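So the structure is just underneath, and the comments pick up after that.
The values are calculated or read from the model by the stated rules, or taken from the named source; none is laboratory data. Quick caveat, the model's predicted, so the values are computed rather than measured. Cβ placement follows ideal geometry from the backbone for every residue including glycine, while neighbour counts extend to all protein chains displayed. Areas reflect the complete protein model, heavy atoms only, side chains present, ligands, DNA and RNA absent. Shrake-Rupley method; radii C 1.70, N 1.55, O 1.52, S 1.80 Å.
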Amino acid sequence: MKKIFKGVLLALTSALFFSCASNSGMSSKEPAYTIEDGKYLDSLWNLYYETGDESYVDQVIAYADTEDLLMKKINQHYKELSQDNRYMSILEHWFSAEDDGKKITCPVDVESLISIIIQDEAVKNDIRYIYSPFDQDLFIRGIMKSTAVWSLAFQDNKDARIVVQKKIPFMNEKLANNMYALFGMEDIVYYQKKPGSVMNQAGKAFFISSILVKDLDSFMDEWNTPVDHTPFIPSVSEVSKSKDKEVSFVVLYSFNEHEDYPVYIDIDSCDSKGDVQHFKNMLLIESKPESNLYSLGPIMKIIFEDTDPLGEYTIRLTVHTENTVLSVSDLTYKLKK
């Protein structure tokens with residue numbers, strides 16, 4: 001399958017993998033944790049910087065995006081630990097824990113924060129007390145998992161930070177909330193799996209949409225109609241490889257109160273076999289527009305070849321500034337005979 005932006009053929013990049021069938025950035029078994037994993041995490045980041053291959057970042061995320069085993073163990077011993085006033089006080093103070101009489105719950109992934117908060121000397125004794133009912137392996141797991149989180153949240157390289165941020169919506173909810181807080185992004189990132197529009201929470205700062213069209217000429221005729229006409233431009237959800245030959249992925253946008261420019265887009269196209277092609281840092285808008293009218297962004301023409309597999313395809317659109325991801329959305333379509 002060939003992809004053309006504005007009539008220019010882009011060289012196909014090496015295929016990387018993300019799961020089209022789920023929300024995760026990478027399908028992976030939970031790793032075993034040892035104290036040596038700190039060096040391994042460093043090696044993964046080194047390989048990412050050497051190659052630009054995002055699969056190494058996915059492997060770091062695999063360390064972080066796991067069940068909060070500490071809280072699971074705590075609730076397995078709920079009867080005795082809930083009666084320990086010091087234990088409960090520490091959980092409430094550092095992790096906003098609540099006891100509903102049946103279990104202890106926390107709004108955050110406790111394990112993912114251990115190595116971050118333990119750097120404070122005053123906290124160390126509290127953390128040791130939290131882990132005191134359990135074996136040393138659980139503590140090592142917490143240190144390694146939270147070290148992975150630390151490495152994801154505090155990379156100095158802006159490209160690496162963007163790569164991490166655009167994967168946050170596909171992490172488990174508690175970890176994602178932790179990551180948003182560490183990046184200071186609680187009210188910024190929005191993810192939409194179904195085709196359509198993405199806008200900021202107040203509906204003011206920006207609007208972004210993507211559609212798939214079969215007839216680009218008809219689309220352009222419709223788009224260029226007078227301003228008093230409201231174009232009706234539906235997105236297609238099924239494409240016939242034999243009949244359609246090609247389709248066009250179109251980005252539409254409008255920016256109003258948003259102040260951080262320039263704004264870029266990344267496009268990741270994933271076929272039914274999991275092969276991905278990445279197009280990064282394409283300029284969407286350089287400076288604040290004079291009006292907030294809808295504008296036409298990049299157009300990616302997709303030309304189907306005989307060897308392209310049938311099935312579901314996903315096009316992921318990420319909108320970002322130099323330092324911060326603004327939105328992530330997926331457009332999915334089926335390729336038929």
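Here are the numbers:
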item: Of Lys214/Lys336; Lys72/Lys174; Lys72/Lys166; Lys241/Lys301, pairs whose Cα-Cα distance is over 22 Å; result: Lys72/Lys166
item: Loop chymotrypsin sites (Phe, Trp or Tyr not before Pro), the range 259-318, which have at most 15 other Cβ atoms in a 10 Å radius of their Cβ (DSSP); result: Tyr294
item: Residue order for His77, His278, His320 - accessible surface, 1.4 angstrom probe, largest first; result: His77, His278, His320
item: Heavy atoms of Ser242: accessible area, 1.4 Å probe, square angstrom to 10; result: 70
item: Whole-Hz ³J(HN,Hα) from phi, Karplus 6.51 cos²θ - 1.76 cosθ + 1.60, for the range 50-63, glycine and proline x; result: 6, 10, x, 7, 5, 4, 5, 5, 4, 5, 5, 4, 4, 6
item: Separation in nanometres of the label points that stand 7 Å from Cα toward Cβ, at Tyr40 and Ile303; result: 4.4
item: Cα gyration tensor category, rounded, prolate or oblate, for the range 252-337 with a/c compared to 1.5; result: prolate
item: Protection proxy ranking, peptides 92-101, 110-119, average beta carbon neighbours within 10 Å, highest first; result: 110-119, 92-101
item: R0 of 35 Å, Cβ-Cβ distance Asp221-Tyr261: FRET efficiency to nearest 0.05; result: 0.70
item: From phi via Karplus (6.51, -1.76, 1.60), per-residue ³J(HN,Hα) for the range 172-183 in Hz, x at Gly/Pro; result: 4, 4, 5, 5, 4, 4, 4, 5, 4, 5, 5, 8
item: In Å², nearest 10: area of Leu152 left accessible to a 1.4 Å probe; result: 0
item: 19 Å Cα-Cα reach of Lys73 towards aspartates and glutamates, excluding residues that sit fewer than 8 places from it in its own chain; result: Glu30, Asp65, Asp84, Glu92, Glu98, Asp99, Asp100, Asp109, Glu111, Asp126, Asp135, Asp137
item: Cβ charges +1 (Lys, Arg) and -1 (Asp, Glu), total dipole of the range 243-326, debye; result: 140
item: Distance in nm between pseudo-label sites at Lys337 and Arg86 (7 Å out along the Cβ direction from Cα); result: 7.2
item: Length added when fully stretched, Ser96-Leu47, from 0.36 nm per residue minus Cα-Cα; result: 13.9 nm
item: Accessible area of the range 131-189 belonging to carbon and sulfur atoms, whole % at 1.4 Å probe; result: 47
